[in-house]
1. Kindly indicate whether Ser54 is in contact with a Lys or Arg (Cβ under 9 Å, 6 or more places away or on another chain) and either at pLDDT below 90 or open to solvent by 30 Å² or more (accessible area, probe 1.4 Å) (or both).
2. Which condition breaks for Arg35 when tested against (1) crowded, with 18+ Cβ neighbours inside 10 Å; (2) out of contact with any Lys or Arg (no Cβ under 8 Å at 6 or more places or on another chain); (3) not acidic (Asp, Glu)?
3. Which is in a helix (DSSP H, G or I), surrounded by 14 or more Cβ atoms within 10 Å (Cβ to Cβ), touching a residue at least 12 places away in the same chain (Cβ under 8 Å) and in contact with a helix residue (DSSP H, G or I) (Cβ under 7 Å, 6 or more places away or on another chain), of Ser48, Ser66, Ser81?
4. Could you run through segment 84-105 and say how many residues are under 12 Å from the mean Cα position of the chain (by Cα) and assigned to a helix (DSSP H, G or I)?
5. Can you pull out the residues in segment 1-32 that are exposed (fewer than 10 other Cβ atoms within 10 Å of the Cβ), in contact with a helix residue (DSSP H, G or I) (Cβ under 9 Å, 6 or more places away or on another chain) and not polar (S, T, N, Q)?
6. Out of segment 84-112, which residues are over 22 Å from Cys123 (Cα atoms), open to solvent by 10 Å² or more (accessible area, probe 1.4 Å) and touching a strand residue (DSSP E or B) at 6+ places or on another chain (Cβ under 9 Å)?
Amino acid sequence: MGEDFGKLIPGIFFDEIYMMGNPLPWTDRLPGRFRETYGYDILDELPSLVDGVSERDKQVRKDYFSLVTAMYEEAFFRQISDWCGKYGLKLTGHTEEFLWEHPRRQGDYFKTMRHLMVPGSDCHDYRYRYPRRITYCEPKYSVSVSRIYGKERLCRKPGRRGMELHHGGI
């Protein structure tokens, strides 16, 4: 099958991957990595992750979510992207498109999605509303990633249950 990679099998697709951290993503490795990266102990700052408006609180949240993004990139996106590149496959797919959930469930959308050769998105409005229409927001996220990082782009065709999208509908 490996000889078909990049030809008969052009790529790998994933659908709506995200972290299930509730209320926040966490791993046993996070405190040590945080200390190494930022020079202070996240365990002393836990209240700042969910509350507070001081500059210190904001900095703690910024550092935390930056590290969560980096660790998520390393654990998932970069590894799979590198493997696909090694075998001539295009990595495509999408995470969830609800940006307000991204800090907690994905980290930085643009940093994680940059590892896809063909960033994609869903079109929930087209899928769940009638009359069918495509709104600008969901496809725009992946188009932005594509433009920023010089990638191809994909918007997943909602072709289930009689919802086929033709070029005239775009």
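1. no
2. It fails just one condition, (1).
3. Ser48
4. Going through segment 84-105, the residues under 12 Å from the mean Cα position of the chain (by Cα) turn out to be 92-99, 101-105.
Those left that are additionally assigned to a helix (DSSP H, G or I): 99, 101-105.
The number of residues fulfilling the criteria is 6.
5. Residues satisfying the conditions are Met20, Pro23.
6. Answer for segment 84-112, where residues must be over 22 Å from Cys123 (Cα atoms), open to solvent by 10 Å² or more (accessible area, probe 1.4 Å) and touching a strand residue (DSSP E or B) at 6+ places or on another chain (Cβ under 9 Å): Gly85, Tyr87, Gly88.
The values are calculated or read from the model by the stated rules, or taken from the named source; none is laboratory data. These numbers were taken from a predicted model, which means no experiment stands behind them. Cβ sites come from the backbone with ideal geometry, for glycine too, and all protein chains shown count toward neighbours. The accessibility values were calculated without ligands, DNA or RNA, using every heavy atom of the protein model including side chains. Shrake-Rupley method; radii C 1.70, N 1.55, O 1.52, S 1.80 Å.
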